[in-house]
Amino acid sequence: MPRLEGKVAIVTGAARGTGEQTARLFAEEGARVVIADILEEEGRGTAEEIGDAATFERLDVTDVESWRHVVARTSEAFGPPTVLVNNAGLLHMKALVDIDPADVERLWRVNQFGPFLGMQAVAPAMKSAGGGSIVNVSSVDGLSAKNGLGAYVPTKWALRGLTRVAALELGQMGIRVNVVCPEAGGPGMRREFTPESIDPMDTLSFTHDAIPHNQMRPGLEIIRDIARMILFLASDESLSCTGADYPVDAGWTAGRRLKFNPGYSAE
């Protein structure tokens, strides 16, 4: 039996990147999927390629009424949502002292406030359906930090905290809430911060040196790894999982491998 048979999912930021691959995988596994995104042309194209199991709805994740509209349209098209993937997100890279405060607010509204509104919006419908699963997409930068990400990192740490509160409260409604922390984001969000001569897709394996063979895999497959973890948490295979972090980072947050300590191999 398909792993998401009978599930109705809303996936935000699903026009491209991680969200797109998640939506495609969900449909392959039997779910009916709403492609929710502000990118209308790309979102409609993705839904059309998936076929009858998908439909597109324009969603501004920072707007309460937009969320209400999408939840209502989902219920009309497929039935009440039983899965929500809060994947939509923005990246910003600049030294702390140079960041425009407006960019801090912009990232907070999309990366944290958006998932907050989404969980509020779907909770009543999920409860009426008998429960469900919410998967929030944070980042390895919500588990550690890097320089240059002063506007981005706080939103991803905050999303992990919000996930825990939601798991405790919404669990009473039969709703599980977990967070995935990938290292590799979609190439679309990386494009602005990648040199023109480099394809952002080629950068996805850069941090995978703890598992060297991963660096030989296509970038799309690395994105699909994230989608596979989201699939697991959306499915009934993870019924005992809630309020937890699930890194998909090829060992990025495991620690440091020191060249001159035992256990290091250059091969």
Review point. When the Karplus curve 6.51 cos²θ - 1.76 cosθ + 1.60 is applied with θ = phi - 60°, which whole-Hz ³J(HN,Hα) does each residue of the range 242-249 get, with x for Gly and Pro?
Key: 7, x, 10, 9, 10, x, 10, 9
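Based on other C-beta atoms within 10 Å, arrange 137, 11, 110 from fewest to most. The partial results should precede the final answer.
Values: 137 29, 11 34, 110 20.
Least to most surrounded, the residues fall as 110, 137, 11.
Counting other beta carbons within 10 Å of each Cβ, put 163, 22, 55 in order, fewest first.
On the way: 163 26, 22 30, 55 19.
If I rank by nearby Cβ atoms, fewest first, I get 55, 163, 22.
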Check your understanding: Among 184, 95, 166, which one moves the most in a GNM of the chain with springs linking Cα atoms closer than 10 Å?
Key -> 95
Practice item. Place +1 on the Cβ of every Lys and Arg and -1 on the Cβ of every Asp and Glu in the chain, take the dipole about the Cα centre, and give the residue among 144, 118, 263 whose Cα lies farthest towards its positive end. Key: 263
Point to revise | In order through the range 84-99: 3J(HN,Hα) via Karplus (6.51 cos²θ - 1.76 cosθ + 1.60), integer Hz, x for Gly, Pro | key: 10, 10, 8, 9, 4, x, 10, 10, 9, 10, 6, 4, 3, 6, 9, 6
Check your understanding: Could you state the number of Å between the C-alpha centres of the range 112-154 and the range 16-70?
Key -> 17 Å
Exercise for review: Across the chain, how many lysine pairs, 8 or more positions apart or on different chains, have C-alpha atoms separated by under 21 Å? Please give the number.
Suggested key: 4
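Please report, in whole Å³, the volume per residue of the convex hull around the C-alpha atoms of the range 15-139. Walk me through the intermediate numbers first.
On the way: hull volume 13.4 nm³, N = 125.
Roughly 107 Å³ of hull volume per residue.
Where Lys and Arg each count +1 and Asp and Glu each count -1, what net charge lies around residue 43 among other residues with Cβ under 15 Å from its Cβ? Provide the component values of the computation, followed by the final result.
On the way: positive: 16, 24, 44, 58, 73; negative: 20, 37, 40, 41, 42, 48, 49, 57, 60.
That works out to -4.
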Exercise for review: Report, by chain and number, residues whose modeled amide H sits under 5 Å from the one on residue 136, excluding near sequence neighbours (fewer than 5 apart, same chain).
Suggested key: 86, 178, 179, 180
Check your understanding: Using the count of nearby Cβ atoms within 10 Å as a rough guide to exposure, how do 259, 146 rank from fewest to most?
Key -> 259, 146
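Computed from the coordinates by the stated procedures, all read-outs in this text should not be read as laboratory data. Source: prediction; values computed, not measured. As a convention, Cβ positions derive from the backbone with ideal geometry for all residues, glycine included, and neighbour counts pool all protein chains shown.
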